[in-house]
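I have placed the structure first, in the form of structure tokens, so that the comments after it can refer back to it.
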Amino acid sequence: MTSQADARHAARLGAVQALYQMEMSGNGAEEVAAEFAEHRFAELPATPDGEFFHAIVNGVPQHQVEIDRAIAASLSEKWKLERVDSILRAILRCGVFELIGRRDVPAKVVIDEYVAVSGAFFGGDEPGFVNAALDGIARRKRAPEFGLPVPDGELEF
């Protein structure tokens, strides 16, 4: 039997792959999510939490402007979001969606999970990049969890 943590980890891994596929194919969230549920869930390391998977895959496009702004603000001035590898972009978008839209998941869990997901795709510096970006965003969007004051202008959905 799959634990909730394993099911959510598998859902995150699947959601990153689904977002990548959406970006590459131009297909919508519903179409890609249905294909993943039908054909690709069996390829994941555990049975994914389908509801959690769908929340991420549907939530990212619904809030993509705010998500992308948060990611862009965390990048150095030399980097534009479009220059970030497409898989890394999908990882960051999923992580930021959870930080902003899933208050039921502690920020540190979100960060740790997406660092682990990035490690499944990359063997270099990318997990450290994901950690730094999500940590910075979390400290702005979830400041109280880190014992910090809420910055002015930080909106959440």
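Values in this text are rule-based calculations from the coordinates and carry no lab data. The structure presented is a predicted model; accordingly, all values stated were derived computationally and were not measured. Every residue, glycine as well, gets a Cβ built from its backbone with ideal geometry; the counts of neighbours run over all protein chains shown.
Taking Cα atoms of segment 1-72, Rg/Rh with Kirkwood Rh, to two decimals?
On the way: Rg = 12.2 Å, Rh = 12.4 Å.
My calculation puts Rg/Rh at 0.99.
Enumerate the aspartates and glutamates that Lys141 could reach by cross-link, defined here as Cα to Cα under 15 Å, with residues fewer than 8 away along the same chain left out.
Glu66, Asp68, Glu98, Asp104, Asp152, Glu154, Glu156
Over all directions, the average projected area of the alpha-carbon convex hull for segment 96-157 comes to how many nm²?
Details: hull surface 16.6 nm².
Mean projected area of the Cα convex hull: 4.1 nm².
Between Lys108 and Met24, what is the FRET efficiency for a Förster distance of 25 Å, r being their Cβ-Cβ separation, to the nearest 0.05? Provide the component values of the computation, followed by the final result.
Numbers: r = 31 Å, r/R0 = 1.24.
It comes to 0.20.
Which of the GluC sites (Glu not before Pro) across segment 57-157 are loop residues per DSSP, with 13 or fewer other Cβ within 10 Å? Could you put the intermediate results ahead of the total?
On the way: sites: Glu66, Glu77, Glu82, Glu98, Glu113, Glu145, Glu154, Glu156; in loops: Glu77, Glu154, Glu156.
Answer by residue number: Glu77, Glu154, Glu156.
Provide the per-residue ³J(HN,Hα) series for segment 127-133, in order, calculated from phi with Karplus coefficients 6.51, -1.76, 1.60 and θ = phi - 60°, each as a whole number of Hz, with x at glycine and proline positions.
Using θ = phi - 60°, the values come out as x, x, 5, 4, 4, 5, 5 Hz.
Along each of the three principal axes of the Cα atoms of the chain, give the extent in whole Å, ordering the values from largest to smallest.
Ordered largest first, the chain gives principal extents of 43, 33, 31 Å.
Using 15 Å as the cut-off for backbone N distance, which residues of segment 1-29 belong to the label zone defined by a point 7 Å from the Cα of Ala120 along Cα→Cβ?
2-21
Tell me the label-point distance for the pair Ala132, Arg69, using the 7 Å Cα-to-Cβ offset, in nm and rounded to one decimal.
2.5
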